[in-house]
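Report on the structure given below.
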Amino acid sequence: MKSTQADAIHDSDNFTQAQKTAFTTARQAPVNAAIAAGNIVNAQQALMRLSAKEVNRIPMTGAGLRNPTIVSAYTPSMLRRMTAELDPNDIATLRGDILVGGDPNTINWLNSPDGQATFS
């Protein structure tokens with residue numbers, strides 16, 4: 001399923017909140033499995049399959065967006081997509097987490113003029 005289709009389901013009035021919650025849980029399952037396994041590559045692949053809105057539905061804490069496996073999985077393209085959907089305070093928090101424990105290429109991007117303008 002394309003991420004735009006997933007967003008349409010979540011935004012639709014044709015589904016109950018319980019159905020939407022179950023759908024969201026199923027869509028996030030690969031991310032949670034990657035976190036549980038500590039598998040950065042699988043986390044990257046799972047995040048890339050989600051829309052920015054879906055990523056925003058993942059909690060910030062616990063086995064969520066601030067988890068070390070996920071922090072290591074972020075790429076500049078993911079962060080660009082996520083920027084429009086995340087709260088500015090969450091962006092600042094994630095930026096700090098990534099600068100401490102992220103992928104070196106992503107850290108370099110965050111420190112570049114583009115990264116500073118896009119994800120800060």
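The values are calculated or read from the model by the stated rules, or taken from the named source; none is laboratory data. Predicted model, so just to flag it, every value in this text is computed and none were measured. Neighbour counts run over all protein chains shown; Cβ positions are idealised from the backbone, glycine included.
What do you reckon, is residue 85 in a loop (DSSP other than H, G, I, E, B), charged (D, E, K, R), modelled with pLDDT under 95 and surrounded by 14 or more Cβ atoms within 10 Å (Cβ to Cβ)? Full working, then the answer.
On the way: in a loop (DSSP other than H, G, I, E, B): yes; charged (D, E, K, R): yes; modelled with pLDDT under 95: yes; surrounded by 14 or more Cβ atoms within 10 Å (Cβ to Cβ): yes.
Spelling it out, residue 85 is indeed in a loop (DSSP other than H, G, I, E, B), charged (D, E, K, R), modelled with pLDDT under 95 and surrounded by 14 or more Cβ atoms within 10 Å (Cβ to Cβ).
Name the one entry in 46, 92 that is in a helix (DSSP H, G or I), surrounded by 19 or more Cβ atoms within 10 Å (Cβ to Cβ) and small (Gly, Ala, Ser). Please lay out each step first, then the result.
Numbers: 92 fails: surrounded by 19 or more Cβ atoms within 10 Å (Cβ to Cβ).
Of 46, 92, the one residue that is in a helix (DSSP H, G or I), surrounded by 19 or more Cβ atoms within 10 Å (Cβ to Cβ) and small (Gly, Ala, Ser) is 46.
Could you list, ordered by first residue, the pairs with Cβ atoms under 7 Å in which the first is in segment 58-70 and of a type in the set (Ser, Thr, Tyr) and the second is buried (at least 16 other Cβ atoms within 10 Å of the Cβ) and not in a loop (DSSP other than H, G, I, E, B), at least 6 apart or interchain?
69/34; 69/35; 69/40; 69/43
When you check residue 66 against the structure, is it at pLDDT 90 or above, touching a helix residue (DSSP H, G or I) at 6+ places or on another chain (Cβ under 9 Å), surrounded by 15 or more Cβ atoms within 10 Å (Cβ to Cβ) and of a type in the set (D, E, K, R), yes or no?
Numbers: at pLDDT 90 or above: yes; touching a helix residue (DSSP H, G or I) at 6+ places or on another chain (Cβ under 9 Å): yes; surrounded by 15 or more Cβ atoms within 10 Å (Cβ to Cβ): yes; of a type in the set (D, E, K, R): yes.
In short, yes.
What number of residues within segment 80-111 are hydroxyl-bearing (Ser, Thr, Tyr) and within 12 Å of residue 60 (Cβ to Cβ)?
Going residue by residue through segment 80-111, those that are hydroxyl-bearing (Ser, Thr, Tyr) are 83, 93, 106.
Now narrow it down to the ones that are within 12 Å of residue 60 (Cβ to Cβ): 93.
Result for segment 80-111: 1.
Among the residues in segment 73-81, are any over 19 Å from residue 120 (Cβ atoms) and not acidic (Asp, Glu)? Talk me through it step by step, then tell me what you get.
Of segment 73-81, the ones over 19 Å from residue 120 (Cβ atoms) are 73.
Narrowing the set further to residues that are not acidic (Asp, Glu) leaves 73.
Yes, the conditions are met somewhere in segment 73-81.
Kindly list, by first and then second residue, each pair from a residue in segment 16-35 that is without any contact (Cβ under 8 Å) to a residue 60 or more places away in the chain and of a type outside the set (Ser, Thr, Tyr) to a residue that is surrounded by fewer than 15 Cβ atoms within 10 Å (Cβ to Cβ) and assigned to a helix (DSSP H, G or I), limited to pairs with Cβ atoms under 8 Å and residues at least 6 apart or on different chains.
30/45; 34/45
Only one of these conditions is not met by residue 107: (1) exposed (fewer than 15 other Cβ atoms within 10 Å of the Cβ); (2) assigned to a helix (DSSP H, G or I). Which number is it?
Against the list (1) exposed (fewer than 15 other Cβ atoms within 10 Å of the Cβ); (2) assigned to a helix (DSSP H, G or I), residue 107 comes up short only on (1).
On the given criteria, is residue 80 part of a helix (DSSP H, G or I), crowded, with 16+ Cβ neighbours inside 10 Å, out of contact with any strand residue (DSSP E or B) (no Cβ under 7 Å at 6 or more places or on another chain) and among the charged types (D, E, K, R)? I'd like the intermediate steps shown before the answer.
Values: part of a helix (DSSP H, G or I): yes; crowded, with 16+ Cβ neighbours inside 10 Å: no; out of contact with any strand residue (DSSP E or B) (no Cβ under 7 Å at 6 or more places or on another chain): yes; among the charged types (D, E, K, R): yes.
Considered against the rule, which asks whether it is part of a helix (DSSP H, G or I), crowded, with 16+ Cβ neighbours inside 10 Å, out of contact with any strand residue (DSSP E or B) (no Cβ under 7 Å at 6 or more places or on another chain) and among the charged types (D, E, K, R), residue 80 comes out as no.
For the condition at pLDDT below 95, polar (S, T, N, Q) and more than 16 Å from residue 105 (Cβ to Cβ), what is the one hit in 39, 56?
Details: 39 fails: at pLDDT below 95.
Only one candidate qualifies: 56.
For residues that are small (Gly, Ala, Ser) and surrounded by 10 or more Cβ atoms within 10 Å (Cβ to Cβ), scanning just segment 1-18, find the one that is modelled with the lowest pLDDT. Give the derivation first.
In the first step, residues of segment 1-18 are kept if they are small (Gly, Ala, Ser); the result is 3, 6, 8, 12, 18.
So of that shortlist, the ones also surrounded by 10 or more Cβ atoms within 10 Å (Cβ to Cβ) come out as 3, 6, 8, 12.
On the way: 3: 72, 6: 77, 8: 81, 12: 84.
If we take residues in segment 1-18 being small (Gly, Ala, Ser) and surrounded by 10 or more Cβ atoms within 10 Å (Cβ to Cβ), then 3 is modelled with the lowest pLDDT.
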